[in-house]
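The values are calculated or read from the model by the stated rules, or taken from the named source; none is laboratory data. Since we're looking at a predicted model, the values are computed, not measured. With ideal geometry, Cβ positions are generated from the backbone for all residues, glycine too; neighbour counts draw on all protein chains shown.
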Amino acid sequence: MTQEVTIGKSDVTVSNALGLGTNKVGGHNLFGDLQDENGYALVKEALNSGISLLDTAFAYGNGRSEEIIGDVIQDYDRSKIVLATKAAHDPSKNGEFNNTPAFLKKSVDDALKRLKTDYLDIFYIHFPDKDTPKAEAVGALSELKTAGKIRAIGVSNFSPDQLKEANADGLVDIAEDNYSLVHRGAQQTEFPYLKENQISFVPYFPLAAGLLTGKYGPEDSNKFKQFSQKQYQTITSALDEVRNIANGHGATVAQTIIAWYLKDPDISVVIPGARNADQVKSNVAAVDVNLSQSEFDQIEQLFSSF
Ligand SMILES: NC(=O)c1ccc[n+]([C@@H]2O[C@H](COP(=O)([O-])OP(=O)(O)OC[C@H]3O[C@@H](n4cnc5c(N)ncnc54)[C@H](OP(=O)(O)O)[C@@H]3O)[C@@H](O)[C@H]2O)c1
């Protein structure tokens, strides 16, 4: 397994830098053809394999992901699990983002009920809203921390300026944003500030929603319309090179890509999502793929245009 990670300035430690993303656990509103049984099985597989951080949100199935996780963790030692959840989508306003102290406090109480626990290890404001001053929203989370309902304060999808505003009183422990080998903006815009302010970073979409597993070929470019044809070609060619590196380790492309994040000191915990227990089982083996520094640099170079 990997080295223990401390989350920001909090007392939360994560025993394994490989966590689990759970938007396909109960996330029926986001993805078609999901089965709850697969969700239950994959969360169990993760916990049985030594994963400790589970990343969920109200928005994944409007609470269903949290409910499934809440059911599963009843059979495990809660003190060994790091539960991270998020809220901002206000069901009473058609899912509009709401960061008011009253809404955030109610969201935490509701999440605790669905997760069937009496504390959250990490609570993120899922998205910034338009009106609430960021430091006021974070101030509400600080009160929840003092009350023992949450242990670490997170923000997600905040711009660099919004992050600075949110952290005006130095209270933010962790940020979660879109970041992967094919989406590297945060490296320039966020990482220096995060490091200076002892804020942990968790990238979401680490596998670029499956693209970086290497399972898609040139014929699948229309599934990834955010990339131009030229960019898509660059990615598939780069993945062919990653496959060579993977072969040298007896590993898959997905495992090698996950191992790349695990070696990056700027990343605290990597949370690849999964559709079923087999994917989790395979992804967990990434912790045994020890990339050399030159392989790490080579992979970074392959994606340097992103
Ligand atoms: N804070 C935010 O706003 C935010 C936004 C998005 C996500 N997140 C979090 O970040 C997590 C990670 O993002 P993500 O799950 O959307 O994307 P991801 O980790 O980039 O990709 C996960 C997807 O890749 C495919 N996959 C994973 N392992 C595989 C394997 N071994 N072999 C083949 N395919 C595999 C699966 O999809 P298929 O089988 O369907 O191909 C899986 O659902 C989420 O689960 C969620 O917890 C947070």
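Figures for the structure shown
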{"quantity": "Members of the stretch 210-242 found to be in contact with a helix residue (DSSP H, G or I) (Cβ under 7 Å, 6 or more places away or on another chain), part of a helix (DSSP H, G or I) and closer than 22 Å to residue 286 by Cβ, listed by number", "calculated": "211, 212, 213, 235, 236, 238, 239, 241, 242"}
{"quantity": "Selected residue (criterion: nearest to the ligand (Cβ to nearest atom)) from residues of the stretch 266-283 that are farther than 30 Å from residue 189 by Cα and of a type in the set (A, V, I, L, M)", "calculated": "280"}
{"quantity": "Residue selected from the stretch 34-78 under the condition among the acidic types (Asp, Glu) and in contact with a strand residue (DSSP E or B) (Cβ under 8 Å, 6 or more places away or on another chain), by the criterion farthest from residue 268 (Cα to Cα)", "calculated": "66"}
{"quantity": "Residue list for the stretch 63-119, filter: buried (at least 17 other Cβ atoms within 10 Å of the Cβ), part of a loop (DSSP other than H, G, I, E, B) and either over 20 Å from the mean Cα position of the chain (by Cα) or among the polar types (S, T, N, Q) (or both)", "calculated": "98, 99, 117"}
{"quantity": "Filter result for the condition that a residue is under 20 Å from the mean Cα position of the chain (by Cα) and either surrounded by fewer than 20 Cβ atoms within 10 Å (Cβ to Cβ) or of a type in the set (Gly, Ala, Ser) (or both), over 175, 238, 168, 147", "calculated": "175"}
{"quantity": "Some residue of the stretch 105-124 being modelled with pLDDT of 95 or more, under 30 Å from residue 225 (Cα atoms) and in contact with a strand residue (DSSP E or B) (Cβ under 6 Å, 6 or more places away or on another chain)", "calculated": "yes"}
{"quantity": "The stretch 32-47, residues that are in a helix (DSSP H, G or I) and among the small types (Gly, Ala, Ser)", "calculated": "39, 41, 46"}
{"quantity": "Those residues of the stretch 262-283 which are in a strand (DSSP E or B) and either hydrophobic (A, V, I, L, M, F, W, C) or surrounded by fewer than 20 Cβ atoms within 10 Å (Cβ to Cβ) (or both), in sequence order", "calculated": "270"}
{"quantity": "Hey, residue 286 at pLDDT 95 or above, outside any loop (DSSP other than H, G, I, E, B), within 28 Å of residue 126 (Cβ to Cβ) and near the ligand (Cβ under 10 Å from one of its atoms) or not", "calculated": "yes"}
{"quantity": "Long-range neighbours under 8 Å by Cβ, at least six apart or interchain, first residue under 26 Å from residue 261 (Cβ atoms) and touching a residue at least 12 places away in the same chain (Cβ under 8 Å) within the stretch 20-44, second of a type in the set (D, E, K, R) and assigned to a strand (DSSP E or B)", "calculated": "20/55; 21/55; 22/55"}
{"quantity": "Any hit, the stretch 181-193, residues being touching a Pro at 6+ places or on another chain (Cβ under 9 Å), within 13 Å of the ligand (Cβ to nearest atom) and assigned to a helix (DSSP H, G or I)", "calculated": "yes"}
{"quantity": "Restricting the stretch 11-28 to residues that are surrounded by 15 or more Cβ atoms within 10 Å (Cβ to Cβ) and touching a Lys or Arg at 6+ places or on another chain (Cβ under 9 Å), the residue that is farthest from residue 146 (Cα to Cα)", "calculated": "28"}
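Here is a yes/no grid of residues against (1) within 16 Å of the ligand (Cβ to nearest atom); (2) farther than 25 Å from residue 203 by Cβ; (3) without any contact (Cβ under 8 Å) to a residue 24 or more places away in the chain:
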residue	(1), (2), (3)
104	yes, no, no
108	no, no, no
116	no, yes, no
122	yes, no, no
125	yes, no, no
133	no, yes, no
